[in-house]
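**Student:** The structure is given below, and queries will be raised subsequently.
Just so it is clear, none of the values below were taken in a lab; they were calculated from the coordinates. Everything numeric in this text was worked out from a predicted model, so none of it was measured. Neighbour counts are summed over all protein chains in view; Cβ atoms, including those assigned to glycine, are modelled from backbone coordinates with ideal geometry.
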Amino acid sequence: MTIHDDRQPTHEAGPHRTFDSLSPITGDVVASHPLHGEEDVAAAVLAARDEAAWWGALTFEERSARLVAWKGVITRRLAQLADLVHQETGKPHGDALLEASLGIDHLGWAATHAAKHLGRRKVSSGLLMANQAATVEYRPLGVVGVIGPWNYPVFTPMGSIAYALAAGNAVVFKPSELTPGVGEWLARTFREAVGRPVLSVVTGFGDTGAALCRAGVDKVAFTGSTATGKRVMAACAETLTPVVIEAGGKDAVIVDHDADLDAAADATLWGACSNAGQTCTGVERVYVHEKVYDEFLGLLVAKAEGLRADDSLDSPLGPITMPKQLDVIRAHIGDALDRGGRALLGGADAVGDRYVQPTILVDVPEDSRAVCEETFGPTVTVARVGTVEEAIRRTNATSYGLGSTVFSKARGMEIAEQIRSGMTAVNGVITFAAVPSLPFGGVGDSGFGRIHGPDGLREFTYAKAIARQRFKAALPLTSFTRTEKHEQQLVQLMTMLHGRGTTLPKLGRKVRRGR
Ligand code: NDP
């Protein structure tokens, strides 16, 4: 079988050149799609301006009703969508169903919570400005450009698309060149449900994404690798276009000595190998307390032994969707083994020409590629630690900071609070991504900004503050009629309000760590 190159050949077709999306399982053409250039992208953004004007003028309730109608169409055609995801990414049908289901859940939450979190609300005006009625609301930005990856082509972009739409924006979506059909499917069903193309799609390669960054959109929500994220930021900087960057990760699991080891091994295996390891919040490193290291490792290897990636219909693991990633996975495993690491399962031979078998590595140096860089394959390093504090230190010794996992009966929350990552699952794995009211995003090389939850809704808005005078102020502070007497009164008032506290109050003993 030949493996297609990540830059697929293009063809002339009518007014457009086109490119093919291919099945990573068979190499067969799934469909052809337009290769949208700069002018097409500019036209899409221009058309989206009209949609934004209409959509933004609707009430929250009117938008919610339309988004719920779209949600219904997607749900009723879930099997069709999952099949398309399976064709374009190669992931098992069940995994495609799961990611689409979670995307639908987020859409439902965003549609029904936007009014509560974005609608105008009163805030305290304070004693100095007691004559003012202070309110704030969160207004849509206009047109949001969403650039998505291929690994979760429904769930991941939906984290931006649903929240941006619910906040009142129009969206122009550039899906990955590997999954353009999924993007088109989402835009087509939206139009069918809502009657207008408030969500539209441009397809193509990286240049199409770059054109979207320069097309005058009001914000870009990018999900993809850290390296591309930097290019997106640089392009957006030219026009001061704000960005959300959801980039890669190197997530760790910490297993404490009192953990439920069977559950920890099960979660580690699923976190590391589901979607063939191609998950931004996938488990790539594990730090296990020395008291339970051997037992945990035994359980993990035993559970992993039955897991195989192949092209059979019921295979739990699919292929590596992006062929060039095979070289990265091979290099990380090779580097780990060359530097004294051992493969308890898988290893150098685990990387085939489309599939990678589960690989468990131990004794791998902390500065090796398999521990420091995003591998994006079904591989995991497991290390023994003397204390939980050492596990936390090694977990945090990464440039990334997306997700993390803790297994501990007594200290789960305490450990979670000390990990420098945007999200942590305690006694579960990647659970935070499926809770729509929790913000999703990272720190450091994992990016910035948030999707999901109230923070995700506000990410696609600007705060609009209004101070309305209710009655004339006793002290004319913002007027040239202000006199010396008024200023003395101001000083008296300030002394009364803020003049105390010449000595530090005694702090209680429960000072929280790191605050
Ligand atoms: P890439 O960074 O290669 O691509 C992401 C998107 O950016 C694609 O649509 C790509 O288009 C587009 N793109 C490429 N070049 C440019 C450019 N110069 N300007 C604008 N857009 C561009 O990532 P992958 O698709 O390979 O996705 C995998 C990565 O995504 C991993 O690092 C993973 O960790 C991360 N990820 C992060 C998530 C998060 O929420 N934090 C979630 C899921 C994945 P094209 O495909 O056509 O090249």
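**Student:** List the lysines whose Cα sits under 29 Å from the Cα of residue 485, skipping any in the same chain fewer than 8 residues away.
**Tutor:** Cross-link targets: 472.
**Student:** Dividing the convex hull volume of the alpha carbon atoms of the stretch 1-158 by its residue count, what do you get in Å³ per residue?
**Tutor:** 171
**Student:** Could you calculate the contour length gain from residue 503 to residue 434, that is, 0.36 nm times the residue separation minus the distance between their Cα atoms, to one decimal place in nm?
**Tutor:** Between residue 503 and residue 434, full extension yields an extra 20.1 nm.
**Student:** Could you give the DSSP H helices of the chain that reach 27 angstrom or more along their long axis (alpha carbon positions) and whose average Kyte-Doolittle hydropathy is no lower than 0.0?
**Tutor:** 38-57, 93-118
**Student:** In the stretch 320-417, what trypsin sites (Lys or Arg not before Pro) fall in a loop by DSSP, with at most 12 other Cβ atoms inside 10 Å?
**Tutor:** 324, 409
**Student:** Divide by every residue of the chain the summed helix terms, -39500 (n - 2.57) for each DSSP H run of at least 4, and state the resulting mean residue ellipticity at 222 nm, rounded to the nearest 500 deg cm²/dmol.
**Tutor:** When only DSSP H runs of four or more count, the value is -12500 deg cm²/dmol.
**Student:** I've got another one for you. Once both labels are modelled 7 Å past Cα along the beta-carbon direction, what's the residue 128-residue 489 spacing in nm?
**Tutor:** Taking the two extended label points, one gets 1.6 nm.
**Student:** Scan the stretch 27-136 for chymotrypsin sites (Phe, Trp or Tyr not before Pro) in coil per DSSP, keeping those whose Cβ has at most 14 other Cβ atoms within 10 Å, and list them by number.
**Tutor:** When the chymotrypsin sites (Phe, Trp or Tyr not before Pro) of the stretch 27-136 are filtered for loop state and at most 14 Cβ neighbours within 10 Å, nothing remains.
**Student:** Can you list the residues of the stretch 274-295 with backbone N under 19 Å from a point 7 Å past the Cα of residue 330, pointing along Cα to Cβ?
**Tutor:** 277-278, by backbone N distance to the label point.
**Student:** Grab the other residues whose beta carbon is less than 14 angstrom from that of residue 308, score K and R as +1, D and E as -1, and report the net.
**Tutor:** -3
**Student:** Right, another one. Work out, step by step, the length gained on full extension between residue 238 and residue 302: first 0.36 nm times the residue separation, then minus their alpha carbon distance; give nm to one decimal.
**Tutor:** Extra length from residue 238 to residue 302 when fully extended: 17.7 nm.
**Student:** Three principal axis extents, largest first, for the C-alpha atoms of the stretch 130-250, in Å?
**Tutor:** Projected onto its principal axes, the Cα set of the stretch 130-250 covers 58, 36, 30 Å.
**Student:** Which order results if 372, 273 are arranged by neighbouring Cβ count within 10 Å, fewest first?
**Tutor:** Listing 372, 273 from fewest to most nearby Cβ atoms yields 372, 273.
**Student:** While we're on this one: Under 8 Å for C-alpha pairs, at least 6 residues apart: give me the relative contact order for the chain, rounded to a whole percent.
**Tutor:** Reported as a whole number, the value is 16 percent.
**Student:** Taking N as the number of residues in the stretch 254-338, what is its Cα Rg relative to 2.2 N^0.38 Å?
**Tutor:** For the stretch 254-338, the normalised Cα radius of gyration is 1.20.
**Student:** Over the stretch 152-296, what is the relative contact order in percent, taking alpha-carbon pairs closer than 8 angstrom and at least six residues apart?
**Tutor:** Relative contact order, the stretch 152-296: 17 percent.
**Student:** Checking the cross-link filter: which lysines have an alpha carbon closer than 25 Å to that of residue 409, excluding same-chain neighbours under 8 positions apart?
**Tutor:** 250, 291, 303, 510
**Student:** Label-point separation (nm) for residue 191 and residue 414, each offset 7 Å from Cα along Cα-to-Cβ?
**Tutor:** With each label placed 7 Å out from Cα toward Cβ, I get 5.8 nm.
**Student:** Neighbouring Cβ atoms within 10 Å as the yardstick, rank 112, 59 fewest first.
**Tutor:** 59, 112
**Student:** Rg and Dmax of the stretch 385-515, Cα atoms, in Å?
**Tutor:** Considering the stretch 385-515 through its Cα atoms, Rg and Dmax are 24.0, 70 Å.
**Student:** Which value, in Å³ per residue, describes the convex hull spanned by the Cα atoms of the chain?
**Tutor:** So the per-residue Cα hull volume is 178 Å³.
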